[in-house]
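Student: There's a structure below that I have some questions on.
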Amino acid sequence: MQSLDIDAYVEARYSGINTRSRVIKSNHPEWNEKLLLACMLPNQSKLINVLVYDRDRLFNDELVGTFKIRFTDIREKDN
């Protein structure tokens, strides 16, 4: 059985701001890149929504999976 690669990308959403990664053609993509989400603090939003899509040139992109990350777990600390 042949395995078909997907054209995967990640979209991160936080407090009305969206950003996305580059597209990787693979069944097991690894991005190894930072996604920057500008936000104002303090902020009431507690979670960053992360969505993985398969890009489709003819139809709507297909949602492959989602997960959430707590903002306090990853935000850059002030120096």
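The values are calculated or read from the model by the stated rules, or taken from the named source; none is laboratory data. Keep in mind it's a predicted model, so treat the numbers as computed, not measured. Methodologically, a virtual Cβ is constructed for each residue, glycine included, from the backbone with ideal geometry; neighbour enumeration extends over all protein chains shown.
Per-residue answers, yes or no, for (1) under 15 Å from residue 73 (Cα atoms); (2) modelled with pLDDT under 95:
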site: 27; (1), (2): no, yes
site: 47; (1), (2): yes, yes
site: 51; (1), (2): no, no
site: 59; (1), (2): no, yes
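Student: Checking residue 10 against (1) within 11 Å of the chain's Cα centre (by Cα); (2) surrounded by fewer than 11 Cβ atoms within 10 Å (Cβ to Cβ), which single condition isn't satisfied?
Tutor: Answer for residue 10: the failing condition is (2).
Student: Same structure again: Could you identify the single residue in 55, 75 that is within 17 Å of residue 19 (Cα to Cα), more than 12 Å from the chain's Cα centre (by Cα) and at pLDDT 80 or above? Let's see the steps before the verdict.
Tutor: Values: 75 fails: at pLDDT 80 or above.
Result of the check over 55, 75: 55.
Student: Output the residue which, of all residues in segment 1-12 that are of a type in the set (Gly, Ala, Ser) and not in a loop (DSSP other than H, G, I, E, B), is nearest to residue 71 (Cα to Cα).
Tutor: Restricting attention to segment 1-12, the residues satisfying the condition of being of a type in the set (Gly, Ala, Ser) are 3, 8, 12.
This time we only want the ones that are not in a loop (DSSP other than H, G, I, E, B), so: 8, 12.
Numbers: 8: 24, 12: 12 Å.
Among those that are of a type in the set (Gly, Ala, Ser) and not in a loop (DSSP other than H, G, I, E, B), it is 12.
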